[in-house]
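The values are calculated or read from the model by the stated rules, or taken from the named source; none is laboratory data. Model, not experiment: these values are computed from the prediction. Methodologically, a virtual Cβ is constructed for each residue, glycine included, from the backbone with ideal geometry; neighbour enumeration extends over all protein chains shown. Surface areas here come from the heavy atoms of the whole protein model, side chains and all, with no ligands, DNA or RNA. Shrake-Rupley method; radii C 1.70, N 1.55, O 1.52, S 1.80 Å.
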Amino acid sequence: MTVAIDRATGKRRGDAPRPGLGQRLKHGYQRHWYAYAMIAPVIVVLGVLVLYPLGYGLYLTLTDANSLNTARTIGVNEIEATYKFIGLDNYADILWGETAYDRFWSHFIWTIVWTAACVALHYTIGLGLALLLNQKLRGRTFYRLILILPWAVPTFVTVFGWRFMLADGGIINAGLETLHLPTPLWLEDSFWQRFAAIMVNTWCGVPFMMVSLLGGLQSIDSSLYEAAEMDGANAWQRFRYVTLPGLRSVSSTVVLLGIIWTFNQFAVIFLLFGNTAPDAQILVTWAYYLGFGQQPRDFAQSAAYGILLLAILIVFTSFYRRWLNRNEQQLAI
């Protein structure tokens, strides 16, 4: 039996008509039923833990839900929900309302600065440490163990430790007083709160970059360095033309992950300051404050912030991947 496709019309010609969607799905299930059975539990878990909360959160953004008009139980009394559908008013209020700058844009600008500064420090310091640990040093294993500890220790333990050290009577200000240097108000002044947040997050994030880039360095063929050295390339030229290109694939991945994680870094800001540092709040902690840190709790606006965060990261990731693909194509040419 011969089946052909008419190039002019794109339609199939032959004795057998194209099977319908239902038949194709049935045929695919009969051939790959085992694969469907294996991924079914994962789909169920993702649906319960990810898709349902995301869909419900998206629905809340289209309402005026808060802690006063949602369904709740007080003693033996059950109060029904009275919130109503308001469409895109929450998004309009967040982006263009009278208090849009104070409630969104100021936190958005600080979130961008926070993310850029932290990821740049993560990558720069991590690459420097990876280059040092890639050398033949005595006690290299011990240094690796020490440098990876900030990543191995739970984040809340690390942040609480920094909080004690940055307090007015903490060890950092005590050391600065001993050296007759100014003692900043790390946990009270807006500028130093932001500086402390970047410093603590850098401490927590550098080990991941270091380990990832160290693995990338060890995957670079040593013969490339030998050939460059024979051609007269100095240390900087070997780093620029051999090391950095060899790390391109690893760097692009860890930088993207670093941006996503830092943009949504809730633990460091919240555990370091709580709700006492409004100017140091990034978008994700500000969304938490709206939903759980004030009265009445504004569930709709908090959910709208979450959807905006998701949209920002999706747009950024798509442009970032396109930019990387374009650069790779240009290098291939």
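Across the range 262-281, the residues whose backbone nitrogen lies under 17 Å from the label position 7 Å along the beta-carbon direction of Ile312 are 262-270, 278-281. Based on every Cα atom in the range 122-264, Rg and the maximum pairwise Cα distance Dmax equal 18.8, 57 Å. A compact globular protein would have a Cα radius of gyration near 2.2 N^0.38 Å; the ratio found for the range 77-146 is 2.20. In the calculated pair distance distribution of the range 32-136, what percentage of Cα-Cα distances lie above 18 Å? That tail contains 75 percent of the Cα-Cα pairs.
The eigenvalues of the Cα gyration tensor, multiplied by 5 and square-rooted, give the chain an equivalent ellipsoid with semi-axes of 42, 39, 19 Å from largest to smallest.
In plain terms, the chain from Leu88 to Tyr143 could stretch by 14.4 nm, reckoned as 0.36 nm per residue minus the Cα-Cα distance. Using the Cβ-Cβ distance between Thr276 and Val153 with R0 = 22 Å, the FRET efficiency computed as 1/(1 + (r/R0)^6) comes to roughly 0.35. Peptide packing: for 185-191, 106-112, the average count of neighbouring Cβ atoms within 10 Å per residue gives the ranking 106-112, 185-191, highest mean first.
Towards the positive end of the charge dipole of the range 102-198, with charges on Cβ (+1 Lys, Arg; -1 Asp, Glu), say which of Leu131, Ala174, Trp105 has the farthest Cα. Looking along the dipole axis, the top candidate is Leu131. Placing unit charges on each Cβ (+1 for Lys and Arg, -1 for Asp and Glu) gives the chain a dipole about its Cα centre, and among Leu21, Asn264, Pro245 the Cα reaching farthest toward its positive end belongs to Leu21.
So what's the gap between the Cα centers of the range 165-225 and the range 20-62, to the nearest angstrom? Taking the Cα centre of each part, the range 165-225 and the range 20-62 sit 43 Å apart. Met210 sits with roughly 10 Å² accessible to a 1.4 Å probe, with DNA, RNA and ligands left out of the calculation. Each of Glu80 and Ile112 was given a label point 7 Å from its Cα along the Cα-to-Cβ line. The distance between the two points is 4.7 nm.
The length gained by stretching the chain between Ser222 and Asp189 to full extension, at 0.36 nm per residue less their Cα-Cα distance, is 6.9 nm.
With a 1.4 Å probe rolled over the protein heavy atoms of all chains, the accessible area of Leu131, Leu60, Leu145 falls in the order Leu145, Leu131, Leu60, largest first. Binning the C-alpha pair distances of the range 123-186 at 5 Å intervals from 0 yields a P(r) profile of 4, 15, 16, 13, 14, 18, 15, 5, 0 %, listed from the shortest bin outward.
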